[in-house]
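The values are calculated or read from the model by the stated rules, or taken from the named source; none is laboratory data. Keep in mind the model is a prediction, meaning the values are calculated, not measured. For neighbour counting, all protein chains shown are included, and Cβ atoms are generated from backbone atoms with ideal geometry for every residue, glycine included.
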Amino acid sequence: MRGLKHFSIQLKSLKNGTHNSEYQVAKEFFIALGSNTIINAKFDIKVELIRENKNFEITIFGNGQIDTTCDRCTADIALPVAFTSKVYAQINDYPDPDDLETYYIEENDTELNLATMVYNEICLHQPLINVYDCNSTQPTPCDLETLSRLETDAESDDDAGDKDSPSPWDSLKDVNFN
């Protein structure tokens, strides 16, 4: 994980209790992790790690934006994303293969690198649809010409639905299923 060394936490010197750290991730972070879905983004990340012997509860707070294309008007946008996630890790040489929610750390590992956890949480919280309330952003990034065409097409579809045209479901009205 070249270039991601600052995400590493030394396990041998990490005492039981709460530990906080902050990171800023940008384009280089996503390139280093080989991301195909997120190419350019900026996030402020705060991590709260609670260690109890061999168990870790890690809370990741993320706030930032992903540069993408709007699914509604196709303009380039900075999609805002904010999240809070809990992740669990455990030092254990015999991981439970059915436990998909815990990161397992081998007993002889000397460090825990949080980069993959942070990346996974950003990916999990990326919206499925790339739209947001862009009217609150000035100047608005929207392609207003595309939006006006979409509104015109939607109005003409509404007008077409008002006519008494036969529905493909009309033939099922008289079917007796008994």
Item to complete: Starting from residues that are farther than 18 Å from Tyr23 by Cα and basic (Lys, Arg), keep the ones in segment 54-111 and report whichever is surrounded by the most Cβ atoms within 10 Å (Cβ to Cβ).
Response: Arg72
Discussion item. If I ask for residues that are at pLDDT below 95 and under 21 Å from Leu14 (Cα atoms), which ones from segment 56-87 would you list?
Written reply: Val87
Practice prompt. Kindly list, by first and then second residue, each pair from a residue in segment 76-90 that is under 13 Å from Asn40 (Cα atoms) to a residue that is of a type in the set (D, E, K, R) and surrounded by 15 or more Cβ atoms within 10 Å (Cβ to Cβ), limited to pairs with Cβ atoms under 9 Å and residues at least 6 apart or on different chains.
Written response: Ala78/Lys42
Fill in: Conditions (1) surrounded by 12 or more Cβ atoms within 10 Å (Cβ to Cβ); (2) modelled with pLDDT of 85 or more; (3) not acidic (Asp, Glu); number of the one not met by Thr137
(2)
